[in-house]
Amino acid sequence: DAGITQSPRHKVTETGTPVTLRCHQTENHRYMYWYRQDPGHGLRLIHYSYGVKDTDKGEVSDGYSVSRSKTEDFLLTLESATSSQTSVYFCAISDRGEAFFGQGTRLTVV
Amino acid sequence: SQQGEEDPQALSIQEGENATMNCSYKTSINNLQWYRQNSGRGLVHLILIRSNEREKHSGRLRVTLDTSKKSSSLLITASRAADTASYFCATDSNTGNQFYFGTGTSLTVIP
């Protein structure tokens, strides 16, 4: 794996609670991404970052926020988790060209 | 959405046979990439083909790109049981900053 660590790897949370997922890279890549993967939908882009404090929305950004205060860390926050946000979340990094993925975080909202 | 679509959704072949999967996309691209995902794991990059390339090889993999038809194909030759996985194509945005994935082809190689 290309120096990407996602934490936690698994989480169960209750509806309405805030949740933060962390992505940490050691590759010094400029671009970082958060995707969610659901059956029948493939991977869908939630948010991405093109530098420290520079972020933009993806296809399915509603209900999610992100922050990048350091090159190596990209945080995804669910302000108030809903059952529809039960999914597997993947972080990816890129320096233009190919993207490298983390191992994923399985989030269950009950 | 710029999301690509893979075809077929599922493919089952015998070990040693070739596997071909296709990807269609909607808008102009700079690059197209193919990824593999083993069950419960993250995606692994296989190959990148640029919009000005028509064919690319990497080991047992052969990728073609037809930008006039907005389609690509991935051929895995002499398949092995270890090739069993889901395969995704990904296209980039016109700025090259974002990657859009299809829903994948699930490949099963029977020993």
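A few notes on this one:
- Residues in segment B:63-76 that are assigned to a loop (DSSP other than H, G, I, E, B) and either aromatic (F, W, Y) or open to solvent by less than 50 Å² (accessible area, probe 1.4 Å) (or both): B:T67 only.
- Pick from segment A:49-59, criterion within 14 Å of chain B (Cβ to nearest Cβ) and not in a strand (DSSP E or B), ranking: modelled with the highest pLDDT: A:G58
- Scanning segment B:77-90 for residues that are assigned to a helix (DSSP H, G or I) and open to solvent by 50 Å² or more (accessible area, probe 1.4 Å) yields one hit, B:A82.
- The C-beta contact set for segment A:24-36 (first residue within 13 Å of A:Y48 (Cα to Cα), second residue of a type in the set (D, E, K, R) and not in a strand (DSSP E or B), distance under 6 angstrom, 6+ apart or interchain) comprises A:H29/A:D95; A:R30/A:D95.
- The set of residues from segment A:95-110 being surrounded by fewer than 22 Cβ atoms within 10 Å (Cβ to Cβ) and either at negative phi or hydrophobic (A, V, I, L, M, F, W, C) (or both) comprises A:D95, A:E98, A:F100, A:Q103, A:R106, A:L107, A:T108, A:V109, A:V110.
- Any hit, segment A:36-45, residues being more than 9 Å from chain B (Cβ to nearest Cβ) and aliphatic (A, V, I, L, M): no
- Exactly one residue among A:S87, A:S49 is within 23 Å of B:Q37 (Cα to Cα) and not charged (D, E, K, R), and that residue is A:S87.
- Qualifying residue in segment A:33-48 (condition: of a type in the set (A, V, I, L, M, F, W, C), at pLDDT below 95, within 23 Å of B:A90 (Cβ to Cβ) and open to solvent by 20 Å² or more (accessible area, probe 1.4 Å)): no
- Within segment B:45-62, the set of residues being part of a strand (DSSP E or B) and open to solvent by 50 Å² or more (accessible area, probe 1.4 Å) comprises B:R50, B:E55, B:K56, B:H57, B:S58, B:R62.
- Restricting segment A:78-94 to residues that are exposed (fewer than 15 other Cβ atoms within 10 Å of the Cβ) and among the hydroxyl-bearing types (S, T, Y), the residue that is farthest from B:C89 (Cα to Cα): A:S80
- Restricting attention to segment B:32-55, the residues that are within 13 Å of chain A (Cβ to nearest Cβ) and charged (D, E, K, R) add up to 3.
- Filtered residue count, segment B:20-44, keeping only those that are assigned to a strand (DSSP E or B) and small (G, A, S): 1
- Residue in segment A:10-17 that is buried (at least 20 other Cβ atoms within 10 Å of the Cβ) and within 12 Å of another protein chain (Cβ to nearest Cβ) present: no
- Any hit, segment A:36-48, residues being in a loop (DSSP other than H, G, I, E, B), touching a helix residue (DSSP H, G or I) at 6+ places or on another chain (Cβ under 9 Å) and farther than 19 Å from A:F100 by Cα: no
- Across segment B:91-111, the qualifying residues are those that are in a strand (DSSP E or B) and within 14 Å of another protein chain (Cβ to nearest Cβ), and the one among them that is surrounded by the fewest Cβ atoms within 10 Å (Cβ to Cβ) is B:S106.
- Summed over segment A:60-101, the residues that are over 13 Å from the mean Cα position of the chain (by Cα), in a loop (DSSP other than H, G, I, E, B) and within 14 Å of another protein chain (Cβ to nearest Cβ) give a count of 4.
The values are calculated or read from the model by the stated rules, or taken from the named source; none is laboratory data. Please read these numbers as outputs of a predicted model, since none were measured by experiment. Positions of Cβ are backbone-derived with ideal geometry, glycine not excepted, and every protein chain shown enters the neighbour counts. The protein model used for the area step is the full one, side chains on, heavy atoms only, and it has no ligands, DNA or RNA in it. Shrake-Rupley method; radii C 1.70, N 1.55, O 1.52, S 1.80 Å.
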